[in-house]
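Q: Okay, here's the structure, questions in a sec.
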Amino acid sequence: MGVDVIKNLKRKYLLDLLKKNERIDGRDFHSFREIEVVPNVIDTAEGSALARIGETQVLAGIKFEIVEPFSSDPELGVFITNSEFLPLASSLFEPGPPDENSIEFARVVDRGLRSAEVVDLNSFFIEEGKVLGLFLDLYVLDYGGNLFDTGYLAAMSALLNTKMPKVEDGKIIRGEYKGNLDIKRVVTSTTFVKVDEYMIVDPLLSEELAADSRLTIAVTDEFVVAMQKGGSGGFKKSDVLKMVDITFDKRKEIMKYLR
Amino acid sequence: MKKEGIELIKNGKRIDGRGFEDIRKPFRIKLGVLKNANGSAYVEWGKNKIVAGVFGPREVLPRHLENPHKAIIKCQYSMSTFSSLEEHGRAGPNRRSIELSKVIREALENIVLLEHYPRTMIEVFITVLQAEGGTRVASFTAAVGALIDAGIPMRTIAGGIAVGKVDGTMVVDLGKEEDNYGEADVPMVFTKEGDILLLQMDGMLTKDEVEYALTKGYEKVKDIILPELRKAVEEKYAGEIVKKLEL
């Protein structure tokens, strides 16, 4: 139960550095770690991508199924996002059903993609009672902080590289495709943590664990499409607006990995 | 999100007749509605009916979650199976309720003086009996009422509100149709001092619209939500003399 003592020591160490305008790994406050995105890494999936930010790696896989539409929207396709915190990704992860962090992660990525209407679900209609369902699964392979941005990158890259399955007589012909999934907008995200009065982009795991609060912001070219605060610290209105500006600014950099 | 054919704003009024900045009525809070919980609160907010109960500080179960420096908060938000006009809901936690329990708990951890009760847990149970949109922020407000009723010390007070966008217009306190068919929803929790403790957003908003949401959200929490909470505390706890002095 030394967790709190360690957290306090780490927070103090981090704060001392931030006061000197420094970070643990030498980055400035608004820089991302090295980013790498590799699409099409899984042949058996209709779309996939492996994204890495520093020591965090998320593999996104996309599969289609024929499903029954939701009764509230009988003509709309289905889009479902899930995540797996693999125990091999971190000593902090335990085997078992998804915990609140895993659920939050999947739901926040889903929220941005859904809000921005990245995929036109109207185009997934097949016939009455039958629509295409897109299953986006986020496998966390390595957890070194900032899961949310890595997840958005993996998901977005996988979607941009997804092939549409061939459908005949209301069935998917596996291994045969007809064109690519049409993407309406591209979503990018930036995650911040706040320690005392300092806000930093793309936190390391040690920064995340020591921070007071976290904010993830997802945007398109013009709009904020999702926000999610985590942690028990508070933000000021001016903090949030500043982070929105930085997120739009960072978009240019992140878009380079989504072409 | 957006649904054709549903007009959410007509002649400058919202679908339920409210102005753009009006909060749904009724809006009332009552403390001490349950007999067995250490503290409880009931919130009616539009058609939302929400009850919150608090137990503790008490011994931590399971024991390994115990923290020698402070109390832990366990929080469970749930909706009744009959809370929606549509189908019969499933009982038990689902992905949505697990996420909401987490963000509500994190906001509560900010204001409760956890260091006063090391090696204990404070349990906050919230049940949405009837739902009409904006349940998470109403639930947070109910939880704060229940914590006060349980006599748990807090460093400040906080309350929640949602601001969103319907038919291209920013509006305060989304109702059910506005929530379902509107263009954006920003649930928020503010302390009395204006610190943001819960912040989520879906839909599409410009930066100026985000700023409007944060500004109006705080204004409404400060001017309407927190005074109502204060009134509920006075109704239950202030003696006759105090009540007379207030006049």
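Readers should treat all values here as calculations from the given coordinates under stated rules, not as data from a laboratory. All values reported here derive from a predicted model rather than from experimental measurement. Please note: Cβ atoms are built from the backbone with ideal geometry, for glycine as well, and neighbour counts cover all protein chains shown.
Q: Sort out the exposed loop GluC sites (Glu not before Pro) in chain B (DSSP loop, at most 15 other Cβ within 10 Å) and tell me the longest stretch that has none.
A: B:88-192
Q: Ok, one more. Using amide H atoms built 1.01 Å from N in the peptide plane, name the residues 5+ places from residue A:41, or on other chains, whose amide H lies under 5 Å from its own.
A: Amide H neighbours of residue A:41, under 5 Å, 5+ apart: A:48, A:49, A:50.
Q: Distance between Cα centroids, the range A:99-144 to the range A:171-193: provide it in whole Å.
A: 10 Å
Q: Next up: Given only helices, namely DSSP H runs of n ≥ 4 each adding -39500 (n - 2.57), what is the per-residue ellipticity at 222 nm of chain B, to the nearest 500 deg cm²/dmol?
A: Computed ellipticity for chain B at 222 nm equals -9000 deg cm²/dmol.
Q: Shifting gears a bit: What residues have an amide H closer than 5 Å to that of residue B:39, excluding those fewer than 5 places away on the same chain, when H is modeled at 1.01 Å from N in the peptide plane?
A: The list, which skips near neighbours in sequence, is B:54.
Q: Got the relative contact order for the range B:103-231 handy, in percent, Cα pairs under 8 Å and 6 or more residues apart?
A: Relative contact order of the range B:103-231: 24 percent.
Q: Once the Cβ-Cβ distance between residue A:22 and residue A:197 is put in as r, and R0 is 22 Å, what FRET efficiency do you end up with, to the nearest 0.05?
A: Calculated transfer efficiency: 0.90.
Q: Right, next: Give the average, rounded to an integer, of partner chain Cβ atoms located within 10 angstrom of each Cβ in A:97-107.
A: Rounded to a whole number, the mean comes out at 4.
Q: While we're on this one: Looking at the range A:1-94, which trypsin sites (Lys or Arg not before Pro) are in a loop (DSSP not H, G, I, E or B) and have at most 15 other Cβ atoms within 10 Å?
A: Here the trypsin sites (Lys or Arg not before Pro) that fit, given the DSSP loop and packing criteria, are A:20.
Q: Just counting partner chain Cβ atoms within 10 Å, what average do the residues of peptide A:220-227 show around their Cβ?
A: 6
Q: On a straight-distance basis, which lysines could pair with residue A:256 in a cross-link, Cα separation under 24 angstrom, same-chain partners fewer than 8 positions away excluded?
A: Those lysines meeting the cut-off are A:163, A:184, A:242, B:207.
Q: Give the residue list of trypsin sites (Lys or Arg not before Pro) in the range A:161-234 that are DSSP loop and have at most 13 other beta-carbon atoms within 10 angstrom.
A: A:184
Q: While we're looking at this one, here's another question. Where does helix B:135-149 land angle-wise versus the long Cα axis of chain B, in degrees 0 to 90, nearest 10?
A: 30 degrees
Q: How big is the shadow of the Cα convex hull of chain A, averaged over all directions, in nm²?
A: Convex hull of Cα atoms, orientation-averaged projection: 14.7 nm².
Q: If the cut-off is 19 Å between C-alpha atoms, which aspartates and glutamates fall inside it for residue B:236, apart from same-chain ones fewer than 8 positions away?
A: Filter leaves B:44, B:149, B:228, B:246.
Q: Hey, what D do you get for the protein assembly as shown in µm²/s if you plug the Kirkwood alpha-carbon radius into Stokes-Einstein at 10 °C and 1.306 mPa s?
A: 66 µm²/s
Q: Scan the range A:80-180 for chymotrypsin sites (Phe, Trp or Tyr not before Pro) in coil per DSSP, keeping those whose Cβ has at most 12 other Cβ atoms within 10 Å, and list them by number.
A: Of the chymotrypsin sites (Phe, Trp or Tyr not before Pro), not one in the loops of the range A:80-180 has a Cβ with at most 12 other Cβ atoms within 10 Å.
Q: Now for a separate question. Which helices, counted as full DSSP H runs in chain A, have an axial Cα extent of no less than 15 Å and a Kyte-Doolittle average of 1.0 or above?
A: The qualifying helices are A:147-160.
Q: Any idea what the relative contact order of chain B is, in percent, if you count C-alpha pairs under 8 Å spaced at least 6 apart?
A: 21 percent
Q: Mean residue ellipticity at 222 nm from the helices of chain A, using -39,500 (n - 2.57) per DSSP H segment of n ≥ 4 over the full residue count, to the nearest 500 deg cm²/dmol?
A: It lands at -9000 deg cm²/dmol.
Q: Now, a different point. Kindly work out what percent of the DSSP beta bridges joining two residues of the range A:44-139 are antiparallel, to the nearest 5.
A: Around 70 percent of the beta bridges assigned by DSSP in the range A:44-139 are antiparallel ones.
Q: If I take R0 = 51 Å and measure r between the Cβ atoms of residue B:223 and residue A:88 in this structure, what FRET efficiency does the formula 1/(1 + (r/R0)^6) give, to the nearest 0.05?
A: The calculated FRET efficiency here is 0.50.
Q: In vacuo Debye scattering of chain B, one point per C-alpha: log10 I(q)/I(0) at q = 0.15 Å⁻¹?
A: Each listed q maps to, in turn, -1.05.
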